[in-house]
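Nothing in this text is a laboratory measurement; each read-out follows from the coordinates by a stated rule. These figures come from a predicted structure and were not determined experimentally. Here the Cβ is made from the backbone with ideal geometry for all residues, glycine too, and neighbour counts use every protein chain on show.
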Amino acid sequence: MLRRHTFKIILQGLINLKELHTKSKLVKKVAKQTGIPVSISKQVIDGCFRAITEILEDNEDIVIHGFGKFFTKKHKPKKVKDFARDESFILPERYMPRFKFSKNIKVKE
C-alpha cells in the first residue's frame with residue numbers, strides 16, 4: 001500500500017501541484033479578463049457550475065464547442081466485497097459524470 005507522501009511524490013511527477021487552480025483563482029481571472037467585478041464573476045461561475053450539475057443529474061450531455069463535452073456514463077450493477085466486514089453485496093446501477101476535452105485544446109509543456 002502506498003503511503004500518502006509516496007503518492008504525493010508520484011503525483012508531483014505527473015502534475016505540478018503548485019499550478020493547481022481553485023475556484024477563487026478562476027473567479028479572479030474571469031473578473032480580470034472581462035472587466036466585471038469579482039462578486040458578479042463569482043455569481044456567474046457559481047451559476048454555470050449549478051447549471052452543469054443539474055443537467056448532468058438529469059443524465060443529459062453538455063457540449064461546449066472548442067472546449068469539450070460533459071456527459072454521464074452508465075455503470076452496470078456489480079458484485080463487490082467489503083473486506084473489512086467480510087461481506088459481499090451488489091453495487092446498484094449508477095451514472096458517473098465524465099468530461100472529454102475538445103481536440104482544439106492543446107497542453108503546453
Using the Kirkwood radius over C-alpha pairs as Rh, can you work out the diffusion coefficient of segment 61-103 via Stokes-Einstein at 4 °C, viscosity 1.567 mPa s, in µm² per second? 103 µm²/s
Please tell me which of these pairs span more than 26 angstrom C-alpha to C-alpha: Lys23/Lys78; Lys32/Lys73; Lys73/Lys103; Lys23/Lys100? Lys23/Lys78; Lys32/Lys73
Could you tell me which chymotrypsin sites (Phe, Trp or Tyr not before Pro) in segment 56-109 are loop residues by DSSP with no more than 13 other beta carbons within 10 angstrom of their beta carbon? Phe67, Phe83
Extension gain, Thr34 back to Thr53 (0.36 nm per residue minus Cα-Cα distance, nm): 4.4 nm
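Ala84 to Ile64: FRET efficiency via 1/(1 + (r/R0)^6), r the Cβ-Cβ distance, R0 41 Å, to the nearest 0.05?
After rounding, the FRET efficiency stands at 0.50.
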